[in-house]
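No value in this document is a laboratory result; all are computed from the given coordinates. Here the structure is a predicted model, which means the values were calculated and not measured. So basically every Cβ, Gly included, is an ideal-geometry build from the backbone, and we count neighbours across all protein chains shown.
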Amino acid sequence: MNNRLDLAALVRWQNGRRRAAGAGASGGDGTLQEVSGFGSNPGALRMLAHLPEGLPAGAPLVVALHGCTQNAGGYDRGCGWSAMADRLGFALLMPEQQRANNASLCFNWFEAGDTARDAGEVLSIRQAIDHLVRTENLDPRRIFITGLSAGGAMTASMLAAYPEVFAGGAIIAGLPAGSAVGVSEALQAMARPQSLSAASRGGSVRMASGGHKGPWPRISIWHGDADHTVNPDNAEESAKQWLFLHGLADAPAVEQRNGGHLRRRWTGPDGMARVELHRIAGMAHGVPLSPGEGDGMCGEAGAYLLDVGVSSTHGALAFWGLEEERAVPAASRPTPQPSPQPAPERARAIPSMAGAMGAMGAMDPGATINRALKAAGLL
């Protein structure tokens, strides 16, 4: 029996995997519509989409992957993706995990059978992308992908498996591609990632892609400095990975700070930013948001959807060239939010997971998981 890792809270780990199509989570408020007949769907994922009224031929496509305990509809509302699709004129695809695959609705970013090119969950997402591009006459040169936590790690896996498909990506509180295979490695990467060489990190992507030589997607990375669920060092490792692939030096071309928001950017010979890294001081595990209706605002705060005065949704769209750039906004420390369903009561990051992992060594994975659960007050 294969066990499954809950990236956001490590809840209900002992539930076993059943690779079969089952009942999925609710799609949300009705703005998302079911996509069917898109392919063999080896990952048994549910696919939902939002196509704005009057969407013209040649429109871009954005793919957004929710985190653990979330569903597509809730993540869409929280981040404001459908609202931005209506405003800017792009198609939106939101894959959704099913409990038959993962009891805590996490995308299985650390399973080789779900992240290898042309297999499992990554192939399901690729099939849905191809289906929408073909049936809706979308622009195959402007496909972008983003995700939070387990969705952020799966975003990295998609970018690694299919770099030729994507013009850009945004990894939010995630991990580099190739960070882990199996439970022990996943826990280790989340709590205390290895500092690997840029060549090693980049080599993982080259291998996953089947030998792709470029061009490479433009990458936006977002992480809170107070994230105790996924160590912020993972953001630095992700940047290292994509800087190597783009052939860029370690030193950023531009570094801007406004309050607790630090943005570093690395540019290519043409002056276009290829990689950027946002660090938000005081922010725990979640998506940085600026909820509301004003300029540079969208979405709703909630569990793992953190009001810090900075919208990663707007930031990613601007980086991809889908809307105008704004000045780097200031970040404020997020306030605790209630946990709406389907998220658990615990809306903040696990406080002492890294400590629980400190003596991991050669421990039995089950004992390690129990230790982490107890340290988090979940067992």
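Compute the signed sum of charges (Lys and Arg +1, Asp and Glu -1) over the other residues within less than 10 Å, Cβ to Cβ, of Ala57.
Local net charge: -2.
Report the net charge of residues surrounding Gly168, where surrounding means a beta-carbon distance below 10 angstrom and charges are Lys +1, Arg +1, Asp -1, Glu -1.
Here the count lands on +3.
Lys and Arg at +1, Asp and Glu at -1: add these up for the other residues within a Cβ distance under 10 Å of Lys240 and post the number. Write out the running numbers ahead of the final one.
On the way: positive: Arg201; negative: Glu236, Glu237, Asp250.
Counting the neighbours of Lys240, the net charge comes to -2.
Taking square-rooted eigenvalues a ≥ b ≥ c of the alpha carbon gyration tensor, is the stretch 92-215 rounded, prolate or oblate, where a/c under 1.5 means rounded and, failing that, a/b exceeding b/c means prolate?
oblate
Mind giving me the nanometre distance, one decimal, between the label points for Asp130 and Val181, set 7 Å out from Cα along Cα→Cβ?
Distance between the two pseudo-spin positions: 2.5 nm.
What's the exposure ranking of Asp139, Asp250, going from fewest to most Cβ atoms within 10 Å?
Asp250, Asp139
For Cα pairs less than 8 Å apart in space and 6+ apart in sequence, what is the mean separation divided by the residue count of the stretch 33-375, i.e. the relative contact order in percent?
15
Rounded to two decimals, what is the ratio between the C-alpha radius of gyration of the stretch 33-375 and 2.2 N^0.38 Å?
Details: Rg = 18.5 Å, N = 343, 2.2 N^0.38 = 20.2 Å.
Normalised Cα radius of gyration, the stretch 33-375: 0.91.
How far is it, in nm, from the label point at Ala57 to the one at Arg192 when both lie 7 Å from their Cα along the line to the Cβ?
5.8
With an 8 Å cut-off on Cα pairs and a minimum separation of 6 or more residues, tell me the relative contact order of the stretch 113-209 in percent.
The normalised contact order for the stretch 113-209 reaches 25 percent.
Run the simple label-point estimate for Ser40 and Asp225 please: 7 Å along Cα→C-beta, distance reported in nm.
4.8
Stretched out fully, how many nm does the piece from Asp139 to Ala327 gain, at 0.36 nm a residue minus the Cα gap?
64.8 nm
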